[in-house]
1. At q = 0.25 Å⁻¹, what is the log10 ratio I(q)/I(0) for the stretch 35-131, with the Debye formula run over Cα points and no solvent?
2. When the dipole is taken about the Cα centre of the stretch 75-151, and only Lys, Arg (+1) and Asp, Glu (-1) are charged at their Cβ, what size is it in debye, to the nearest 20?
3. Which of LEU155, LEU121, LEU131 moves most in a GNM of the chain, Cα contacts under 10 Å?
4. Work out Dmax and Rg for the stretch 111-165 from the C-alpha atoms and quote the Rg first, both in angstrom.
5. In Å, what Rg and Dmax follow from the Cα atoms of the stretch 75-151?
6. Of LYS27, LYS154, how do they rank once you tally other Cβ atoms within 10 Å and put the fewest first?
7. Once you place label points 7 Å from the Cα toward the Cβ at ILE112 and ARG45, how far apart are they in nm?
8. Could you list ILE28, ILE135 in order of exposure, starting from the residue whose Cβ has the fewest other Cβ atoms within 10 Å?
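Only the coordinates and a few stated rules stand behind these numbers; no lab work does. Just so it is clear, the structure is predicted and the values come from calculations on it, not from any experiment. Cβ atoms come from the backbone with ideal geometry, glycine included; neighbour counts cover every protein chain shown.
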Amino acid sequence: MTRSAVERRLVVHEGAQHALLDDVGKKIVEQLQEDGRRPYATIGRAVGLSEAAVRQRVQRLIDAGVMQIVAVTDPMQLGFARQAMVGVRVSGDLEGTADQLAEIPEVDYVVITAGSFDLLLEVVARNDDHLLEIIKQIRAVDGVLTTEAFTYLKLRKQTYSWGTA
């Protein structure tokens, strides 16, 4: 993996066409997507605002839930050598089952889908034995009918630059 041990990432949430995300707001988001540690003064020069105005705009975007700035870690460098996407078929309360699965610490992503699986989960594990333990935990959750694991062999692309177009 070519990522550094810790990078900054900006996440633009659903519904980002929020009133706070005008053209200047989009430019601020784009600046932060390039570098989440970029100084507000630098962003201000790029978008035509003062440092204080950029700071206020960023805080409003965060407070409104339009975006968040977080650290992205490399699971391999943190001792999680095995990653997998797990497809889950569910019977009964789909959202309740999704919420229960989201409580598993090694599950870092849960999405309700309209495809072959009801849910997709991304999991990180120390090794294959740990992955097997996690899959057993997933299968033990009420409502889980079947699982299918897709083990990651090599990451080819991962970006966080969408959301302002």
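1. Log-scaled intensity ratios, in q order: -1.21.
2. Charge dipole of the stretch 75-151: 240 debye, to the nearest 20.
3. Top of the fluctuation ranking is LEU155.
4. When restricted to the Cα atoms of the stretch 111-165, Rg and Dmax are 14.2, 42 Å.
5. 11.7, 38
6. Listed from fewest to most nearby Cβ atoms, that is LYS154, LYS27.
7. 4.7
8. Numbers: ILE28 28, ILE135 18.
So the residues, fewest neighbours to most, are ILE135, ILE28.
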